[in-house]
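K.L.:
Quick one: the structure is below, questions incoming.
The values are calculated or read from the model by the stated rules, or taken from the named source; none is laboratory data. If you're wondering where the values come from, they're calculated on a predicted model, not measured in any experiment. With ideal geometry, Cβ positions are generated from the backbone for all residues, glycine too; neighbour counts draw on all protein chains shown. Please note that ligands, DNA and RNA were not included when accessible areas were found on the heavy atoms of the full protein model with its side chains. Shrake-Rupley method; radii C 1.70, N 1.55, O 1.52, S 1.80 Å.
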Amino acid sequence: MNRRLFAASSGLLMVAPALAQFRVEISGVGATQLPIAIARFRDEDRNTQAVSTVIRADLERSGVFRNVEANQVIDEAAKPNMSDWRGRSADALLTGSVTRLADGRFDVRYLLWDVVKGKDLISGSIPASPSDLRLAAHKVADAVYEKLTGDKGIFSTHIAYVTRSGKRYALRVDHADGTGGESILQSNDPIISPAWSPDGQELAYVSFYEDQKAVVWAQDVSSGARRKLASFRGSNSAPSWAPDGKSLVVTLSRDGYSQLYLIGRNGETPRRLTTSQAIDTEGVFSPDGRQIYFVSDRSGGPQIYRMPVSGGSAERVSFTGGYNISPSISPDGRYLAYISRQNGAFKLYVGEIGKLGNAQAITESSDDESPSFAPNSKLIIYATRTNGRDTLMTTTLDGKIKAVLESRFPDVREPVWGPFVR
């Protein structure tokens, strides 16, 4: 859900495959970035995907690495002169090759060098169909990232978001760099509030399709099979999965005011969680499943609160101004990202849970919406407007490294980052 829709939730409620490409914008480069050289892979220019270019963009976008220019071709069998690379101030060097196999697939091989110590760190081989070459490159980037940082890489994960072109809405699923995906649902009616299931197999969302009212659906991403989760009287909105995937929190107005309810994964046994004379919406679970963070205007303007899943009193946790919405909790449970209106501008804020009085704006833009953490808690994807167009962006938690997803769609919104696939 986003700022354009919060006001609508009082009522309620107030979206063709396309090529997309990330353009990396870097500002405030950190001093702790690891310098890495990524050589051109042998025979990669015989294929449709420049594997080394994809890997380089992935790692650069993470904010952890600084690219050291390496234009030469070096495969995994070579023995590079480490003193030369030390002279270029590289701490790591990635080499590899892309070989077409007899069955039409490709064999992507790589080897990562510790330039400082002059020894190899990891190597691997990934078989890939022609259509999966880019995914293979993301997997290599994941392996490099994890080896050098100790954290899992997120480059082969997926994002979902809503597009609108004219009167046509679509729910898209793409790779984390905004490429290689497809529309899994298209409609002439709005599609809003996509939410990944914890296993990454399903997306819940709100659609006006078929019923001509807001209804919560769940859809299998691979098969396209859909099932209706909430179609009660009044509005049905803002679904979010519990960490165990057995239930969801949704906003229903069936009893009057928009309130939070817990429903089973198939929509069964709805249980009311909040009882207020206000709008309670945008519920999200804490990673341990014990608490729910949500937005309520019970104190006047919309603010972020949290309460036990079992019920009880709600505690206000946002204090940066009079309008705070769209809470997102990092998977490691350490950070809260949200949108705050400041002097008429909607900005992405990030704060450490327990110290939210120190939350800081991490963007320079003024129309930010719908933050969502990467599954390793190191990046955030959000929607905003740049150069007069709606765009999706990723940012590091300190806001220093940002990447713009450029799409041919004039209207893109409500991105959500999928989990690690189990």
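K.L.:
Can you find, among Ala361, Ser299, Ile126, the residue sitting farthest towards the positive end of the charge dipole of the chain, where Lys and Arg contribute +1 and Asp and Glu -1 at Cβ?
P.N.:
Among Ala361, Ser299, Ile126, the one farthest towards the positive end of the dipole of the chain is Ser299.
K.L.:
Could you tell me the relative contact order of region 33-116? Use alpha-carbon pairs under 8 Å, at least six residues apart, and round to a whole percent.
P.N.:
Reported as a whole number, the value is 35 percent.
K.L.:
Leaving out ligands, DNA and RNA, what percent of the accessible area of region 130-237 is carbon and sulfur, probe 1.4 Å?
P.N.:
Of the solvent-accessible surface of region 130-237, carbon and sulfur hold 43 percent.
K.L.:
With r as the distance between the Cβ atoms of Lys79 and Thr386 and R0 = 60 Å, compute the FRET efficiency 1/(1 + (r/R0)^6) and round to 0.05.
P.N.:
After rounding to 0.05, the efficiency reads 0.85.
K.L.:
Over region 303-388, give the accessible area per residue in Å² for a 1.4 Å probe, as an integer.
P.N.:
Ligands and nucleic acids excluded, the result is 39 Å² per residue.
K.L.:
To continue, here is another question. Give the accessible area for Lys147 in Å² (nearest 10); use a 1.4 Å probe, count only protein heavy atoms, and leave out ligands, DNA and RNA.
P.N.:
Using a 1.4 Å probe on the heavy atoms, I get roughly 100 Å².
K.L.:
Okay, moving on. What figure, in Å² to the nearest 10, do you get for the accessible area of Tyr145 with a 1.4 Å probe and non-protein molecules left out?
P.N.:
10 Å²
K.L.:
Is the C-alpha gyration tensor of region 206-270 telling us rounded, prolate or oblate? Criteria: a/c under 1.5 is rounded; beyond that, a/b larger than b/c is prolate, otherwise oblate.
P.N.:
Since a/c reaches 1.5 but b/c is at least a/b, the shape of region 206-270 is classed as oblate.
K.L.:
Heavy atoms only, probe 1.4 angstrom, no DNA, RNA or ligands counted: give me Asp199, Asp280 ranked by accessible area, highest first.
P.N.:
Asp199, Asp280
K.L.:
Let me ask something else. If you count only protein heavy atoms with a 1.4 Å probe, what accessible area per residue comes out for region 129-245, rounded to a whole Å²?
P.N.:
Normalised by residue count, the accessible surface of region 129-245 is 35 Å².
K.L.:
Can you pull out the GluC sites (Glu not before Pro) in region 354-418 that DSSP calls coil and that have at most 16 other Cβ atoms within 10 Å?
P.N.:
Qualifying residues, ordered by number: Glu364.
K.L.:
Suppose every K and R has +1 on its Cβ and every D and E has -1 on its Cβ; what is the size of the dipole of the chain about the Cα centre, in Debye to the nearest 20?
P.N.:
500 debye
K.L.:
Ordered by residue, what ³J(HN,Hα) values in Hz, to whole numbers, does region 48-58 give under the Karplus form 6.51 cos²θ - 1.76 cosθ + 1.60, where θ = phi - 60° and Gly and Pro are x?
P.N.:
Ordered by residue, 3J(HN,Hα) equals 7, 10, 7, 4, 5, 5, 4, 4, 4, 5, 4 Hz.
K.L.:
I've got another one for you. Order His175, His158, most accessible first, counting only protein heavy atoms with a 1.4 angstrom probe.
P.N.:
His158, His175
K.L.:
Using a 1.4 Å probe on the protein heavy atoms only, what accessible surface does Phe285 show? Give it in Å² to the nearest 10.
P.N.:
So the heavy atoms of Phe285 present about 20 Å² to solvent.
K.L.:
Shifting gears a bit: State the Cα centre-to-centre distance between region 277-303 and region 168-188 in whole Å.
P.N.:
The distance from the Cα centre of region 277-303 to that of region 168-188 comes to 28 Å.
K.L.:
Along Cα→Cβ, 7 Å out, is where each label goes; now give me the distance between the ones at Lys119 and Arg316 in nm to one decimal.
P.N.:
Between Lys119 and Arg316, the label points sit 5.7 nm apart.
K.L.:
Within the accessible area of region 350-408, what % is carbon and sulfur when the probe is 1.4 Å and the other protein chains stay in place?
P.N.:
C and S fraction of accessible area: 39 percent.
K.L.:
Restricting to Cα pairs below 8 Å that are 6+ residues apart, what does the relative contact order work out to for region 304-360? Please round to a whole percent.
P.N.:
After rounding, I find 25 percent.
K.L.:
So between Asp107 and Arg272, what do we pick up on full extension, going 0.36 nm a residue minus the alpha carbon distance?
P.N.:
Net length gain for the segment: 54.1 nm.
K.L.:
Rank Ser165, Ser330, Ser365 by accessible area, highest first, at a 1.4 Å probe radius?
P.N.:
Ser165, Ser365, Ser330
K.L.:
Compute the Cα gyration tensor for region 62-152, then decide on rounded, prolate or oblate, letting a ≥ b ≥ c be the square roots of its eigenvalues: rounded whenever a/c is under 1.5, prolate when a/b is larger than b/c in the other cases, and oblate in all that remain.
P.N.:
Prolate.
K.L.:
Would you work out which of Ser165, His175, Val215 lies farthest towards the positive end of the dipole of region 149-303, given +1 charges on the beta-carbon of Lys and Arg and -1 on that of Asp and Glu, about the Cα centre?
P.N.:
Val215
K.L.:
Figure the gain on full extension for Lys147 and Asp199 (residue separation times 0.36 nm, minus the Cα-Cα span) and round it to one decimal in nm.
P.N.:
Roughly 16.3 nm would be gained on extension.
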